[in-house]
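Undergrad: I have a structure I would like to understand better, so I am pasting it below and will then ask my questions one at a time.
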Amino acid sequence: MEPSTLDLPGTVTGTMVVTEPLNFWGGQRVKPRQQANAEPVFEPATGRVLCQMFPCGSEEVDEAIKSAHSAYLKWSKMAGMERARIMLEAARIIREKRDTIAKLEVINNGKSITEAVVDIDVAWQCIEYYAGMAATLAGQHVQLPGGAFAYTRREALGVCVGIGAFNYPFQIAAWKSAPALACGNAMVFKPSPMTPVTAVLLAEIYKEAGVPEGLFCVVQGGADTGSLLCHHPGVAKVSFTGSVPTGKKVMEMSAKSVKHVTLELGGKSPLLIFKDCELENAVKGALMANFLTQGQVCCNGTRVYVQREIMPQFLEEVVKRTKVIPVGDPLLDDTRMGALISKPQLDKVLAYVNQAKKEGARVLCGGDPFVPSDPKLKGGYFMSPCVLDNCRDEMTCVKEEIFGPVMSVLPFDTEEEVIKRANNSPFGLASGVFTRDISRAHRVAENLQAGTCFINNYNISPVEVPFGGYKMSGFGRENGQVTIEYYSQLKTVVVEMGDVDSLF
Ligand SMILES: NC(=O)c1ccc[n+]([C@@H]2O[C@H](COP(=O)([O-])OP(=O)(O)OC[C@H]3O[C@@H](n4cnc5c(N)ncnc54)[C@H](O)[C@@H]3O)[C@@H](O)[C@H]2O)c1
Ligand SMILES: C[N+](C)(C)CCCC=O
C-alpha cells in the first residue's frame, strides 16, 4: 500500500513517498490534468525523489481562480465574527496536527524538526491572530457641514494570489492566507515547485474548519504557473515571497492590470555588535542571525560588523559554537542543522565560499560539503556552517545574498562609520544591534535603513509584529495589524441630508 501523506507516526528519513494529488480547488484535491512537464521533488536529506510536481496550466489556473471567486462571494458577505470562528477552528486543527505537518515539512524542506515545529506553531498563531481581527474591521465616520456625513467601509479585494518561497512553505501559506481570509478575500496559493507538499494540508484544514469550498486553493507549478496567476484578470492582488529578480517580474506582470502587490524579497542584513554588548548574547544572536534553516532565511544578519576591540573574543566564541552545531538527519530531535534545499543550491553556496577565499576572506570554520555517517544521508545536500573572517565591504560574500549557512564577519571602529557601511546595500529587509547603551541602540535603530531592527536579539518575529522590507527587499507588510490594509480597500460613502446645491 502507498503510504499516505498523513500517515506519518513511524516515518523516518528516506522512506516517504507522496503520491496523492497536490492541487486543491473546489473543496478537494485535484489530479493534474497532464503529466507532461512533471518535475521531480527531492528529499533534501537523502537526495531521493519524494514525489513528482505537475505544473498547472492555464485551464487549471482558471478553474482554481473561478472556484476561489465563487467562495469569495459567500465569504465576503459573512459577518467578521463568523469568519473568525472558522479561522479559529482552522488554527485548532493545525495545533492538533502540528507534529504531522512539521514532519512532512522536514521531509520536503530539509530543515530540522525543532525548527519546523516552531514554524507550524507560528502558522496557527498567525491564523488565530487574524481571526481575532476579522470582527474588528471597521471604517470611520466623518461629520460634514449641514448634517451631511461620510463614512468609510473596509472591503475585501477579491481573489488574492499567494506565491511562496521554498524556505518556510507552510508558514508562508499561513502568513498570506490568514490576513487575506480575515478581510473577506479568497486565496489561490502557489508553493515553490521544490516544496509542494504541505500547502495542500492547509487547504484541507481550512475546508475541515468550514470555509466555503474554494476559499483557499492550491495550484502547483513554477515560473509559468506563477506568470499565469499574475496575468489573470480574475486576480485582484498578488502577494509574493521570493527573490528580488522574480519579485521585479511579478510586479511588472501585475502592473499590466493594476493589481495590488506585496513583495517580500531577499536581503543581506547587517548585524552591528558594539564593544559594550553582553558578548555571550551577541554571539548567540549572531548564530540565530545566520544558521536557522541552513542559512536560507531572507532576514538573516549575514554581514556581522564587530567593533574592533572585541573582535578576537567574538571570533573565538562564535567559531567554537559554530563548530559544534549538530548537522545531520533533520528528523532527529538533537539535530540543529539539516540539509539545504537542493544540490544546485548547495553548489551555489559552496561556490560563494570559494569565491570569498579567492577575494581574500579566511575560512575560520566550515564551508565544506558534509557527509553524515548515516548511510541513508549520503546523497543529502549538507554542508558545514561557515564563518568567514578578513571580509571587506566590497567582497561578493558581503554584497550578495548567499542563502546558505555562511556568516561574514567585518571589523568596525565607530558608530557613524558602521551605520554608513551597513546602509550601503540595495537591500533593506532587517538589521540588528547588540549594545548595552540604550540611547545608542535606539539611535542605531532609527538610522539603519531596514524594515526591522532587532535590538539585543535576532530573528524574533512574533505574528503581532509587522515584517517586510525597505529598498529592494520589497514593500507591503506581513503580520501585525497593518497587514489588514494590504488585503482590503477603503470605500468612502458620502451622504447628503439636505437639498443638492447645484452650480447648474
Ligand atoms: N522577505 C521575505 O519575507 C522572504 C521570505 C522568504 C524568502 N525570501 C526570499 O526568497 C528567495 C529564496 O526563495 P526562492 O528561491 O524560492 O525564490 P524564487 O524567486 O526563485 O521563487 C519564489 C517563487 O516565485 C515563483 N516564480 C518563479 N518565477 C516566477 C515568475 N516568472 N512569475 C511568478 N512566479 C514565479 C517560484 O516558482 C516560487 O514559487 C531569497 O531571495 C529569500 O530572501 C524572502
Ligand atoms: C521566521 N523568520 C525567521 C523570521 C523568517 C521569516 C521568513 C524569511 O525567510
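The values are calculated or read from the model by the stated rules, or taken from the named source; none is laboratory data. Because the structure is a prediction, the values reported are computed rather than measured. In this analysis, Cβ positions are derived from the backbone assuming ideal geometry, glycine residues included, and neighbour counts consider all displayed protein chains.
Undergrad: Mind checking whether some residue in segment 455-469 is more than 16 Å from ligand 1 (Cβ to nearest atom) and over 23 Å from Ile120 (Cα atoms)?
TA: Looking for residues that are more than 16 Å from ligand 1 (Cβ to nearest atom) and over 23 Å from Ile120 (Cα atoms), one finds at least one in segment 455-469, hence yes.
Undergrad: A further question follows. Output the number of residues of segment 218-239 satisfying the condition of being in a loop (DSSP other than H, G, I, E, B) and surrounded by fewer than 24 Cβ atoms within 10 Å (Cβ to Cβ). Walk me through how you get there before you give the answer.
TA: First pass over segment 218-239, keeping only residues in a loop (DSSP other than H, G, I, E, B): 219-222, 232-236.
Filter again for surrounded by fewer than 24 Cβ atoms within 10 Å (Cβ to Cβ), leaving 222, 232-234, 236.
Matching residues across segment 218-239 total 5.
Undergrad: Read through the list (1) aliphatic (A, V, I, L, M); (2) more than 16 Å from ligand 2 (Cβ to nearest atom); (3) touching a residue at least 40 places away in the same chain (Cβ under 8 Å), then give the number of the only condition that Met194 fails.
TA: The one condition Met194 does not meet is (2).
Undergrad: Check off (1) near ligand 1 (Cβ under 10 Å from one of its atoms); (2) closer than 23 Å to Asn290 by Cα for Thr225 and give me the number that stays unchecked.
TA: Here Thr225 meets the rest and fails (2).
Undergrad: Only one residue in Val122, Val161, Val142 is within 15 Å of ligand 1 (Cβ to nearest atom), surrounded by fewer than 24 Cβ atoms within 10 Å (Cβ to Cβ), over 30 Å from Gly379 (Cα atoms) and not basic (Lys, Arg), so which one is that? Quick ask: steps written out before the conclusion?
TA: Details: Val161 fails: surrounded by fewer than 24 Cβ atoms within 10 Å (Cβ to Cβ); Val142 fails: within 15 Å of ligand 1 (Cβ to nearest atom).
Val122 is the lone residue from the list that is within 15 Å of ligand 1 (Cβ to nearest atom), surrounded by fewer than 24 Cβ atoms within 10 Å (Cβ to Cβ), over 30 Å from Gly379 (Cα atoms) and not basic (Lys, Arg).
Undergrad: Could you grab the pairs with beta carbons closer than 6 Å, sequence gap of 6+ or different chains, first residue in segment 9-21 and under 14 Å from Cys51 (Cβ atoms), second one surrounded by fewer than 14 Cβ atoms within 10 Å (Cβ to Cβ) and not aliphatic (A, V, I, L, M)?
TA: Listed pairs, sorted by first residue: Thr19/Glu2; Pro21/Lys31.
Undergrad: Say whether the condition of being near ligand 1 (Cβ under 10 Å from one of its atoms) and crowded, with 21+ Cβ neighbours inside 10 Å is met by at least one residue in segment 210-217. Break it down stepwise before answering.
TA: From segment 210-217, those near ligand 1 (Cβ under 10 Å from one of its atoms) are none; that's our starting set.
Scanning segment 210-217, I find no residue that is near ligand 1 (Cβ under 10 Å from one of its atoms) and crowded, with 21+ Cβ neighbours inside 10 Å, so the answer is no.
Undergrad: Return yes or no: is Lys176 surrounded by 24 or more Cβ atoms within 10 Å (Cβ to Cβ), within 16 Å of ligand 1 (Cβ to nearest atom) and either assigned to a helix (DSSP H, G or I) or without any contact (Cβ under 8 Å) to a residue 60 or more places away in the chain (or both)?
TA: yes
Undergrad: For segment 461-478, indicate whether the set of residues that are within 16 Å of ligand 2 (Cβ to nearest atom), modelled with pLDDT under 95 and either among the aliphatic types (A, V, I, L, M) or over 24 Å from Glu415 (Cβ atoms) (or both) is non-empty.
TA: Yes: segment 461-478 contains one or more residues that are within 16 Å of ligand 2 (Cβ to nearest atom), modelled with pLDDT under 95 and either among the aliphatic types (A, V, I, L, M) or over 24 Å from Glu415 (Cβ atoms) (or both).
Undergrad: While we're on this one: Among the listed residues Pro372, Pro385, Pro344, identify the single one that is of a type outside the set (A, V, I, L, M, F, W, C) and within 15 Å of Thr322 (Cβ to Cβ). I'd like the intermediate steps shown before the answer.
TA: Numbers: Pro372 fails: within 15 Å of Thr322 (Cβ to Cβ); Pro344 fails: within 15 Å of Thr322 (Cβ to Cβ).
Going through Pro372, Pro385, Pro344 in turn, just one is of a type outside the set (A, V, I, L, M, F, W, C) and within 15 Å of Thr322 (Cβ to Cβ): Pro385.
Undergrad: Further, regarding this structure: Which residue out of Gln345, Gln313 is within 16 Å of ligand 2 (Cβ to nearest atom) and assigned by TED's automatic domain parsing to the domain that holds Ser431?
TA: Checking each option against the conditions leaves just Gln345.
Undergrad: Specify which of the listed residues (Thr335, Thr322) is in contact (Cβ under 8 Å) with a residue 40 or more places away in the chain, away from ligand 2 (no atom under 16 Å from the Cβ) and part of a helix (DSSP H, G or I).
TA: On the way: Thr335 fails: part of a helix (DSSP H, G or I).
When all the criteria are applied, what remains is Thr322.
Undergrad: Before we move on, is Thr262 of a type in the set (Val, Ile, Thr), over 20 Å from Ala422 (Cα atoms) and in a helix (DSSP H, G or I)? Step through it out loud before you land on a result.
TA: Numbers: of a type in the set (Val, Ile, Thr): yes; over 20 Å from Ala422 (Cα atoms): yes; in a helix (DSSP H, G or I): no.
The answer is no for Thr262.
Undergrad: Hey, another quick one. Starting from segment 284-305, keep only residues that are assigned by TED's automatic domain parsing to the domain that holds Glu400 and part of a helix (DSSP H, G or I), then list their pairs with residues that are among the β-branched types (Val, Ile, Thr) and within 13 Å of ligand 2 (Cβ to nearest atom) whose Cβ atoms are within a distance under 7 Å, requiring at least 6 positions of separation or different chains.
TA: Partner pairs satisfying both residue conditions: Asn290/Thr302.
Undergrad: When both residues are 6+ apart or on different chains and their Cβ atoms are under 7 Å apart, which pairs have a first residue that lies in segment 220-237 and is free of Cβ contacts under 8 Å to residues at least 60 places away in the same chain, and a second that is in a loop (DSSP other than H, G, I, E, B) and among the charged types (D, E, K, R)?
TA: His231/Lys256
Undergrad: Further question on the same structure: Looking at this structure, is Phe216 more than 22 Å from Ala38 (Cα to Cα) and within 16 Å of ligand 2 (Cβ to nearest atom)? Walk me through it before giving the result.
TA: Working: more than 22 Å from Ala38 (Cα to Cα): yes; within 16 Å of ligand 2 (Cβ to nearest atom): no.
Judged against the criteria, Phe216 is not a match.
Undergrad: Considering only segment 136-168, state which residues are within 16 Å of ligand 2 (Cβ to nearest atom) and of a type outside the set (A, V, I, L, M, F, W, C). Give the steps one after another, and end with the answer.
TA: Looking only at segment 136-168, we keep the residues that are within 16 Å of ligand 2 (Cβ to nearest atom), and these are 162-168.
Selection gives Gly162, Gly164, Asn167, Tyr168.
Undergrad: Go through segment 64-119 residue by residue and tally those that are within 16 Å of ligand 1 (Cβ to nearest atom) and either part of a helix (DSSP H, G or I) or within 28 Å of Lys31 (Cβ to Cβ) (or both). First the steps, then the outcome.
TA: From segment 64-119, those within 16 Å of ligand 1 (Cβ to nearest atom) are 64-65, 105, 108-111, 115-116, 118-119; that's our starting set.
Pick out the ones that are also either part of a helix (DSSP H, G or I) or within 28 Å of Lys31 (Cβ to Cβ) (or both) and you get 64-65, 105, 108-110, 115-116, 118-119.
Total meeting the criteria: 10.
Undergrad: Also, I was wondering about something else. Just give me the residues in segment 250-266 being surrounded by fewer than 18 Cβ atoms within 10 Å (Cβ to Cβ) and in contact (Cβ under 8 Å) with a residue 24 or more places away in the chain, in sequence order.
TA: Lys256, Ser257
Undergrad: For segment 381-402, give me each residue that is out of contact with any Gly (no Cβ under 6 Å at 6 or more places or on another chain) and either hydroxyl-bearing (Ser, Thr, Tyr) or closer than 22 Å to Phe42 by Cα (or both).
TA: Tyr381, Phe382, Met383, Thr396, Ile402 - these are the residues of segment 381-402 that are out of contact with any Gly (no Cβ under 6 Å at 6 or more places or on another chain) and either hydroxyl-bearing (Ser, Thr, Tyr) or closer than 22 Å to Phe42 by Cα (or both).
Undergrad: Note down all Cβ pairs under 7 Å where the first residue falls in segment 58-70 and is in the same structural domain as Cys160 (by TED's automatic domain parsing) and over 8 Å from Gly234 (Cβ atoms), the second is hydroxyl-bearing (Ser, Thr, Tyr) and assigned to a helix (DSSP H, G or I), and they're at least six residues apart or on different chains.
TA: Listed pairs, sorted by first residue: Val61/Thr225.
Undergrad: When the residues of segment 169-183 are filtered to those that are near ligand 2 (Cβ under 10 Å from one of its atoms) and in contact with a strand residue (DSSP E or B) (Cβ under 8 Å, 6 or more places away or on another chain), which remaining residue is nearest to Val197 (Cα to Cα)? So that I can check it myself, show each step before the final result.
TA: Quick first cut of segment 169-183, residues near ligand 2 (Cβ under 10 Å from one of its atoms) only: 171-172, 175.
Pick out the ones that are also in contact with a strand residue (DSSP E or B) (Cβ under 8 Å, 6 or more places away or on another chain) and you get 172, 175.
Numbers: Ile172: 13, Trp175: 17 Å.
Result: Ile172.
Undergrad: Residues that are among the aliphatic types (A, V, I, L, M), touching a residue at least 24 places away in the same chain (Cβ under 8 Å) and assigned to a helix (DSSP H, G or I): does segment 132-150 have at least one? Don't jump to the end; show me each part of the working.
TA: So in segment 132-150, the residues among the aliphatic types (A, V, I, L, M) come out as 133-135, 137-138, 142, 144, 148, 150.
With touching a residue at least 24 places away in the same chain (Cβ under 8 Å) added as a condition, the list becomes 133-135, 137, 144, 148, 150.
Filter once more, keeping what is assigned to a helix (DSSP H, G or I): 133-134.
Taking every residue of segment 132-150 in turn, at least one turns out to be among the aliphatic types (A, V, I, L, M), touching a residue at least 24 places away in the same chain (Cβ under 8 Å) and assigned to a helix (DSSP H, G or I).
Undergrad: Taking the condition of being free of Cβ contacts under 8 Å to residues at least 12 places away in the same chain and small (Gly, Ala, Ser), how many residues in segment 430-450 meet it?
TA: Residues meeting the conditions: 1.
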